[in-house]
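Asks: Attaching a single structure in structure tokens format; questions to follow.
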Amino acid sequence: MGNTRNPDSLIMRAIKKTTIPSLEPDVCWEWNGGVDKNGYGIFSFYDYDKKVVYSYRVHRWLWAQLHGEIENKLHILHRCDNPPCIRPSHLFPGSNKLNQVDCVMKGRNPKTKLTYEQVEAIRRRRAQGESIKSIQKDIIISDSTICQVANDQAWRKSIILQLPDAIVRR
């Protein structure tokens, strides 16, 4: 990152823009500076050597300061599912696929009509021989979607079963 003054002073600057209400493990440390359209904190600073301003999502920048460079294409995800949170223990790295699964598991994927619990219920009920029409009374989706879920053509089990311990629901 070149000469950006003293890295410790950048961390102190970031901390000053953060609300730390408690040291209890479940409490988020929320960024109070600028945010992007998705609510993630934005941290900017000037590189005096290169004479350029860098802007980062603050949770990614902080992760890199604490753990070193973030591998190419990795996301930094939130266990707490709170975009302005920068508490290090609430953050973890993950692939794009893991980020997508994490979104679905936490009910944030607008393209997904079913929750993980509904998918498991459909599979269980079909395995027990329950009819599609009966399932549709409780879960209002098309019969083709129920068949795809029950036959592992949608919501593949292999993805869900490979979730790391890092994903923790609150």
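The values are calculated or read from the model by the stated rules, or taken from the named source; none is laboratory data. Given the structure is predicted, the values throughout are model-derived calculations rather than measurements. Because the Cβ atoms are built from the backbone with ideal geometry, glycine has one as well, and the counts that use them run over all protein chains shown. All accessible areas refer to the heavy atoms of the entire protein, side chains included, with ligands and DNA or RNA removed. Shrake-Rupley method; radii C 1.70, N 1.55, O 1.52, S 1.80 Å.
Asks: Quantify, in whole percent, the carbon and sulfur part of the accessible surface of the stretch 20-84 (1.4 Å probe; protein heavy atoms only). Present the calculation step by step, with values, prior to reporting the outcome.
Replies: Numbers: 2040 of 4050 Å².
Result for the stretch 20-84: 50 percent of the exposed heavy-atom area is carbon or sulfur.
Asks: Continuing with the same structure: Sorted by accessible area with a 1.4 angstrom probe, largest first, how do E24, E120 fall?
Replies: Numbers: E24 115, E120 70 Å².
These residues rank, largest area first, as E24, E120.
Asks: Name the trypsin sites (Lys or Arg not before Pro) in the stretch 1-98 that are in a loop by DSSP and that have at most 13 other C-beta atoms within 10 Å, would you?
Replies: Numbers: sites: R5, R13, K16, K17, K37, K50, K51, R57, R60, K73, R79, K97; in loops: R5, K17, K37, K50, K51, K73, R79.
Sites meeting the loop and neighbour criteria: R5, K37, K50, K51, K73.
Asks: Can I ask one more? Would you mind calculating the gained length between Q100 and Q65 on full extension (0.36 nm times residue separation, minus the Cα-Cα distance), in nm to one decimal? List each step's numbers first, then the result.
Replies: Values: separation 35, 0.36 × 35 = 12.60 nm, distance 2.50 nm.
So the extension gain works out to 10.1 nm.
Asks: Are there chymotrypsin sites (Phe, Trp or Tyr not before Pro) in the stretch 11-95 that DSSP puts in a loop and that have at most 13 other Cβ atoms within 10 Å, and which ones?
Replies: Y48
Asks: Here's something else I'd like to know. For R108, what charge total do you get from the other residues with a beta carbon under 9 Å from its beta carbon, if Lys and Arg give +1 and Asp and Glu give -1? Provide the component values of the computation, followed by the final result.
Replies: Details: positive: K106; negative: D81, D102.
Neighbourhood net charge equals -1.
Asks: In addition: For the pairs K16/K97; K97/K137; K17/K106; K17/K37; K106/K133; K37/K97, note any where the Cα-Cα span goes beyond 25 Å.
Replies: Distance filter (> 25 Å) returns K16/K97; K97/K137; K17/K106; K106/K133.
Asks: I've got another one for you. For L23 and L74, compute 0.36 nm times the residue count separating them, minus their Cα-Cα distance, and round to one decimal in nm. Walk me through the numbers before you get to the answer.
Replies: Working: separation 51, 0.36 × 51 = 18.36 nm, distance 2.77 nm.
Working it through step by step, the gained length comes to 15.6 nm.
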